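**Q** Have a look at this one.
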Amino acid sequence: MFNIKAQLLALGLMASLVAANTHDLGFGEVDLIFPRNGTFEPMELMPVIFAYQNPRVIDGLYPYLRYGVWPVDLPRGNQSMAAYFDDGELPLNTTDPVWYLKGSIPSTQHPESLNTENEWQFNWGIEYTNCSTSTNGTTSDDKPEFNLSGPSQSQSHSIRFTTKKGAGQPNLTALTADDNCDDISAIVFNVKKTLIAQSGYLEGDKCAVLDTPAPTPSPCKVSIVPSAASSIAAAITSAKCRGIDPVVSCPAKHSGGLLLPI
């Protein structure tokens, strides 16, 4: 027999479970904060910054994010993607925007160095899963029929920007201000429910069912205050300074100190 305290505890646990389950539903969005269309100072270290709105929703899509940058006059055969996004890095206990940081450092092995004046092409895209059931939701043996679309499903975007001496370094706070945020390249999803996969490589796992058509992106919900912009810049520099022979200026290492990973 439950006492009052046990009943309250049970209600609290139920509320927590409901919150956890519904947290996987709703809108999820990926915003490319930088690079952006525009003209910027040539950069020894070019930041690549994505914002993830509601990462638990995005995680349910098992996303694969890829991106690359090259001069617009580079032969097409030399245009190769530079990196990808590992969905295992998403922190799943927050609905706040989550920053995923990458840096590009020029070297003699990379003639496409962004530390020169040029016009650049930046492509990025996401491959993802989308699950569904059959029309009546069951098969001949009365078990739910599960259809997996993807990861062949994908969305992609392309932008161009210019590096020119005297143009100024990117200002992340200004780029996410109300008068500039509409220019942010974004991909948005609306997960209306989740299914448990009955077979395949997702067997036993949740899989998102996407609503169509896709909603309109809301990149203006993301903003970077000056202190956050400084932290992002410091984190990128710190990550590169852990490498061998970094070409950026690195802070002196103190005895016994550790550089924390980002």
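Values in this text are rule-based calculations from the coordinates and carry no lab data. What you see is a predicted model; the values in this text were computed from it and never measured. Glycine gets a Cβ as well: all are built from the backbone with ideal geometry, and neighbour counts include every protein chain shown.
**Q** Within the set of other residues whose C-beta is less than 13 Å from the C-beta of Pro217, count the net charge using Lys and Arg as +1 and Asp and Glu as -1.
**A** With Lys, Arg at +1 and Asp, Glu at -1, the neighbours total -3.
**Q** Quick one: of Lys206/Lys240; Lys164/Lys240; Lys165/Lys240; Lys192/Lys240, which pairs are farther than 28 Å apart, Cα to Cα?
**A** From Lys206/Lys240; Lys164/Lys240; Lys165/Lys240; Lys192/Lys240, over 28 Å: Lys206/Lys240; Lys192/Lys240.
**Q** Would you mind checking which residues have amide H under 5 Å from Trp70's amide H? H placed 1.01 Å from N; only 5 or more apart, or other chain.
**A** Residues meeting the amide H criterion: Gln121.
**Q** Shifting gears a bit: Evaluate the distance, in nm, between pseudo-label points positioned 7 Å from the Cα of Ser218 and of Asp178 along their respective Cα→Cβ axes.
**A** Between Ser218 and Asp178, the label points sit 1.6 nm apart.
**Q** Amide H of Asp205: which non-local residues (sequence gap of 5 or more, or other chain) have their own amide H closer than 5 Å, using H built in the peptide plane?
**A** Placed amide hydrogens put Ala197 under 5 Å from Asp205.
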